[in-house]
Amino acid sequence: GNSIEFTTEQLDTYKKKYYRQIILNPIIKDNKVEEISCISNDITELRHLQNQSINQAAKLKSIFESSSHLIWTIDKDFKTTSFNTNFSKQFEQNNGAKPELNIQLHTLLPKAKQNAYKLYWYSNYKKVFEGNSVKLEKHQINASGKIIYNEIYLNPVRNANNEIVEI
């Protein structure tokens, strides 16, 4: 008496996989299942697109994490949308706080550093959201007193409509 939904995976005559979504619904008459309604949808293209997307995401994550660079992304509200392990480690070393997703990084800093951080970074982020790439050279002193020099490239990240959505 219950509806059931499942997916099948099969091979066609050319040994190519195809997928079907099957939905079975009981047709009840006088409190008895008299018949079963069967609906089958070919979801092969959707499944292949999903698999491509999963594989592409795994590849990008591997590149993102295996890079020796510090990589992070910021949205239009200046909130973090992603960062790699190298960025996290250096941010924590230099600022004594771990970065988090979906926050403005200046909020993790001591109050005395917040305005300088916002002034420097947000002015550069604004330039990128206006469509410009920005190259910076910055040095800072980490928690152990060592000077660290960074060459920083801030670039727009565009969506399918060519709108800048992140840096």
Residue hits (region 35-87; out of contact with any strand residue (DSSP E or B) (no Cβ under 8 Å at 6 or more places or on another chain), open to solvent by less than 70 Å² (accessible area, probe 1.4 Å) and not in a helix (DSSP H, G or I)) are SER67
Determine if region 9-22 includes at least one residue that is within 24 Å of LYS146 (Cα to Cα) and in contact with a strand residue (DSSP E or B) (Cβ under 7 Å, 6 or more places away or on another chain). no
Of the listed residues (GLU92, GLU151), the one being touching a residue at least 12 places away in the same chain (Cβ under 8 Å), open to solvent by 50 Å² or more (accessible area, probe 1.4 Å) and either of a type outside the set (Phe, Trp, Tyr) or not in a loop (DSSP other than H, G, I, E, B) (or both) is GLU151
For region 1-34 the number of residues that are surrounded by 10 or more Cβ atoms within 10 Å (Cβ to Cβ) and among the aromatic types (Phe, Trp, Tyr) is 2
Looking across region 154-167 at residues that are open to solvent by 70 Å² or more (accessible area, probe 1.4 Å) and either touching a Pro at 6+ places or on another chain (Cβ under 7 Å) or assigned to a loop (DSSP other than H, G, I, E, B) (or both), the single one that is farthest from HIS69 (Cα to Cα) is ASN161
Restricted to region 95-106 and to residues being under 19 Å from ILE167 (Cα atoms) and not charged (D, E, K, R), the residue surrounded by the most Cβ atoms within 10 Å (Cβ to Cβ) is LEU105
The residue that is nearest to ASN95 (Cα to Cα), considering only those in region 107-145 that are at pLDDT below 95, open to solvent by 80 Å² or more (accessible area, probe 1.4 Å) and in a helix (DSSP H, G or I), is LYS113
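The values are calculated or read from the model by the stated rules, or taken from the named source; none is laboratory data. Computed from a prediction, not measured in an experiment: that's the story for all the values here. Don't worry about glycine lacking a Cβ; one is built from the backbone with ideal geometry, like all the others, and counts go over all protein chains shown. Note: accessible area is taken over every heavy atom of the protein model, side chains too, but ligands, DNA and RNA are not part of it. Shrake-Rupley method; radii C 1.70, N 1.55, O 1.52, S 1.80 Å.
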